[in-house]
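Nothing in this text is a laboratory measurement; each read-out follows from the coordinates by a stated rule. These numbers were taken from a predicted model, which means no experiment stands behind them. Note: ideal-geometry Cβ built from the backbone for every residue, glycine included; neighbour counts use all protein chains shown.
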Amino acid sequence: MANIVAIVKMVPDLVEELEINDEGTGLDRDWLRLIINEFDNHAIEQAILLKEREGGEVTVIAPETEGVEDMLFTTAAKGADRMIKLAGDFEEGVNNHALAHAFAETAKNHQPDLILTGVQANDDLDGPVGPLVAEYLGMPYIGYISGVTLEEGRAIVRKEYPGGLIGEMEVTLPAVLGIQAGEEPPRYVAISKVRQMMKTAEIAEAEISELDFSGGISAKRMYLPEAAERAEMIEGDEEEIAAKLISIFKEAGAL
């Protein structure tokens, strides 16, 4: 029986029309709709599949943001045993080092055999949280995973490579895995079952000792794509086109 922890977060819903704040340095969060990160949703599905196949418990940990309680109750309806909300000032965003520290601080209290998280998120796209959690907890990390099998004291994982290649690796537990896709698509649960969980399930809160907002990437400017002023079609043979391009580059200061 495995003790599995899934660490997840909420991200902007890209279906919505995103607006930029007055400072021009980020998204306007006053009207921002948040949903569970797609890859984290696959991590939850993989965790529940392992529980159903191998036995054990699944704990889902998420930072306190708008909509997180509905998301956590949904994971309970899918089969998660324990839901934990990280209480802290996460609404305005927090850098991934601080977020990973918060996840690691809470996850270690549950002595997990396996920690699953999405391989990346659509608000940063560089996937640092999983490797950072592994570093803080002294565990191995493997990313881009599309399947997991547990054996005594170890996991056999299928890692995706470009070009459709799949590698099979063995890792000693406890370990952290970045999930690219669960073995099955995230399951659908009826809203009636979620509402039932809202009445019967409980969400625990974990106070975070400190959130360090320094050290993250800061955006100097964010803006919508700007329309080009003009387009010029260059005609002639190769030499004429090349000469015209060199002239344009010089005028633009590129040469």
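Descriptive notes on the structure:
- ALA2 being within 16 Å of VAL119 (Cα to Cα), in contact (Cβ under 8 Å) with a residue 60 or more places away in the chain and among the small types (Gly, Ala, Ser): no
- ALA43 being in contact (Cβ under 8 Å) with a residue 12 or more places away in the chain, touching a helix residue (DSSP H, G or I) at 6+ places or on another chain (Cβ under 7 Å) and either of a type in the set (A, V, I, L, M, F, W, C) or exposed (fewer than 15 other Cβ atoms within 10 Å of the Cβ) (or both): no
- Counted residues, the range 173-198 - those being touching a residue at least 40 places away in the same chain (Cβ under 8 Å) and either of a type in the set (S, T, N, Q) or out of contact with any helix residue (DSSP H, G or I) (no Cβ under 9 Å at 6 or more places or on another chain) (or both): 3
- Annotation: of all residues in the range 107-126 being under 14 Å from ILE142 (Cβ atoms) and of a type in the set (A, V, I, L, M, F, W, C), the one that is surrounded by the fewest Cβ atoms within 10 Å (Cβ to Cβ) is VAL119.
- Within the range 160-180, the set of residues being touching a Ser or Thr at 6+ places or on another chain (Cβ under 9 Å), in a strand (DSSP E or B) and crowded, with 19+ Cβ neighbours inside 10 Å comprises VAL176, LEU177, GLY178, ILE179.
- Evaluating GLU207 against the criteria (1) free of Cβ contacts under 8 Å to residues at least 24 places away in the same chain; (2) surrounded by fewer than 11 Cβ atoms within 10 Å (Cβ to Cβ) leaves one unmet condition, (1).
- Close Cβ contacts (under 7 Å, 6 or more residues apart or on different chains) running from residues in the range 57-83 that are touching a residue at least 40 places away in the same chain (Cβ under 8 Å) and closer than 14 Å to PRO112 by Cα to residues that are buried (at least 23 other Cβ atoms within 10 Å of the Cβ) and among the basic types (Lys, Arg) are absent.
- Residues in the range 77-123 that are of a type in the set (S, T, N, Q) and farther than 30 Å from GLU152 by Cβ: ASN95, ASN96, GLN120, ASN122.
- Options LEU49, LEU132, LEU99, LEU72; residue that is part of a helix (DSSP H, G or I), surrounded by fewer than 22 Cβ atoms within 10 Å (Cβ to Cβ) and within 17 Å of the chain's Cα centre (by Cα): LEU132
- Residue check, SER218 exposed (fewer than 12 other Cβ atoms within 10 Å of the Cβ), out of contact with any Ser or Thr (no Cβ under 7 Å at 6 or more places or on another chain) and in a helix (DSSP H, G or I): no
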